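One structure below.
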Amino acid sequence: MVGAKPQDYFGRDFFADKENYKKILFLIDPKLLIEENWKFMGVRPWPRQSDTYIFTACSTDEKHDYDVDYCHNLETGKTVFAVIKIDKDKNISLIAKPWIEDGNNSEQTAFLITNDLKENVTGNPIRLDFAPYQLSSEILAFGVRHNAMVGYSGGGAIDEAMTLFAVIDGQLLPILNVPTYHFADYAGSWHKNGTRNHDIYENLYIIKVLSSSTGGMQDLAWSEVGGKKKHKSVIYKWDNVKKRYIKQKAKRK
């Protein structure tokens, strides 16, 4: 609103020459450049990983340029996340098979999120999360934060979740998807002076990497921060067959 440039969460300004983004897409699959209209591409360095970067690209069925803040409306195109290497000579190579998501298949989305209407929808990726999700001595994961909004006549709600990605057996895979934030503003009764009551709700959730491990991967704990109710941590353990983290059932007392 004040003319400030949005923060570059996906590295859309990493390359001055936008054609370099197309070179990465061509490296992944030449058909992608022909079949899709790419509205957003970016590259971010992956901290603690030498010469390693995260490439993000989103397409749509409508014509757009690159000058958008983040991926959105994923139901109409493809989304690509890739781990690439850029050496000192600026040569680009793929480190693993990329994750390519087709917006027409919501059941296979890595960004499934439940909105305030309790509908399961595809979230909009809004930023990369480079907290040190060290899952084993060799595997470091990164997160993709995504959200969904619901508007009401006198308020609204936003839900955010995070999907963890890691390179597993040569493929970049989504291995965990959990809620991280909820905010809701519900309008209530009107007053004679024209003002209106508002009920505000806010919840924050975190993921902790535990010292225990399963199948060679650290266990994870998901829990609410500062909630009024006493929320116990939900434990997630690695499943070598499904290649993702599985929620553990609470033990009966």
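Read the figures in this text as sums done on the coordinates, not as results from a lab. This one's a predicted model, so the numbers in the text were calculated from it and none came from an experiment.
Mind checking the full-extension length gain between Ile126 and Lys242? Use 0.36 nm per residue of separation minus the Cα-Cα distance, one decimal, nm.
Gain on stretching Ile126 to Lys242: 39.1 nm.
Report the full-extension gain for the segment Gln49 to Ser223: residue separation times 0.36 nm, less the Cα-Cα distance, to one decimal in nm.
59.8 nm
Percent of alpha carbon pairs in the chain separated by more than 33 Å?
Counting every Cα pair in the chain, those more than 33 Å apart make up 26 percent.
List, in order, the whole-Hz ³J(HN,Hα) value for each residue of the range 206-217 obtained from phi through the Karplus relation with A = 6.51, B = -1.76, C = 1.60 and θ = phi - 60°; use x for Gly and Pro.
Values per residue, Gly and Pro as x: 10, 10, 10, 8, 8, 7, 7, 9, 9, x, x, 10 Hz.
Grab the DSSP H runs of the chain that are 4 residues or longer, score each as -39,500 (n - 2.57), total them, divide by all residues and round the 222 nm result to the nearest 500 deg cm²/dmol.
Only helices count here, giving -1500 deg cm²/dmol.
Relative to the present Cα-Cα distance, how much length would full extension add between Gln134 and Thr195 at 0.36 nm per residue of separation?
Computed gain between Gln134 and Thr195 is 17.0 nm.
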